[in-house]
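Every read-out reported here was derived from the displayed coordinates using simple, explicitly stated rules and does not represent laboratory data. All values reported here derive from a predicted model rather than from experimental measurement. Reconstructed Cβ throughout: ideal geometry from the backbone, glycine too, with neighbour counts over all protein chains shown.
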Amino acid sequence: MRVYVPLTLPGLAEAYKTGDLGTGLVAYAVTPALREWYLSDDIEELEYAALNRAAMASLRLLAADPGARRRRVVVAVDVPDGAAVADPDRGLDPSALGEVRVSGGVRLAKAAAVHVDADDAEADVAAAAAALEAADGGDDDAQFVVDGAEDHELLWFATQEIPNLVDLPD
């Protein structure tokens, strides 16, 4: 099963150093609730929706870490079927669509790809992270700013490119 793990660049750097994404991760995947919400049978569209949910979770991580470079990061990882489970009590909660908890540890070596904002997205992502709390409180203008980050597509990177993304030597 493909899951999308939200991170920040410092989180990706730490995963690169340790080789581990962590244990008991919250990630995003094509869940029954996401399928029902998105009303599509196209697996690529559904995976794109799960990726976007993870990108929003990455934005939330950025809002909590003012020192992190303002680029959303999502790692696509293949985990064994059954390792990622949606919480049945949150299945239809709109804020939890596609959310899964991955049991056990997840090695970075299992990653299929990394998705990261381009440099030109940083200003919009920074503004969105700053506006997130107000948007969550129902401020329509702040929601417009948050939606501005979603206008930027995450770029695809091979896992071999992680050292360049986090500015670490090979």
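For Val73, the amide hydrogen comes within under 5 Å of the amide hydrogens of Leu7, counting only partners 5 or more places away or on other chains and with H modelled in the peptide plane. Summing Lys and Arg as +1 and Asp and Glu as -1 over all other residues whose Cβ lies under 13 Å from the Cβ of Thr8 gives a net charge of +1.
Note on Asp81 and Ala130: with the Förster distance fixed at 35 Å, the Cβ-Cβ geometry gives a FRET efficiency of about 0.35. Across segment 55-67, computed HN-Hα scalar couplings (Karplus, 6.51 cos²θ - 1.76 cosθ + 1.60, θ = phi - 60°) run 4, 5, 5, 5, 4, 5, 5, 5, 4, 8, 10, x, x Hz from first to last residue, x flagging Gly and Pro.
Computed from backbone phi, the HN-Hα couplings of segment 27-37 come to 9, 10, 8, 7, 9, x, 5, 5, 4, 5, 5 Hz, rounded to whole numbers (Karplus: 6.51 cos²θ - 1.76 cosθ + 1.60, θ = phi - 60°; Gly and Pro given as x). Entry note, the chain: the mean residue ellipticity at 222 nm calculated from DSSP H runs of n ≥ 4, each adding -39500 (n - 2.57), is -12500 deg cm²/dmol after division by the residues and rounding to the nearest 500. Distance from the alpha carbon centroid of segment 137-170 to that of segment 1-51 works out to 14 angstrom.
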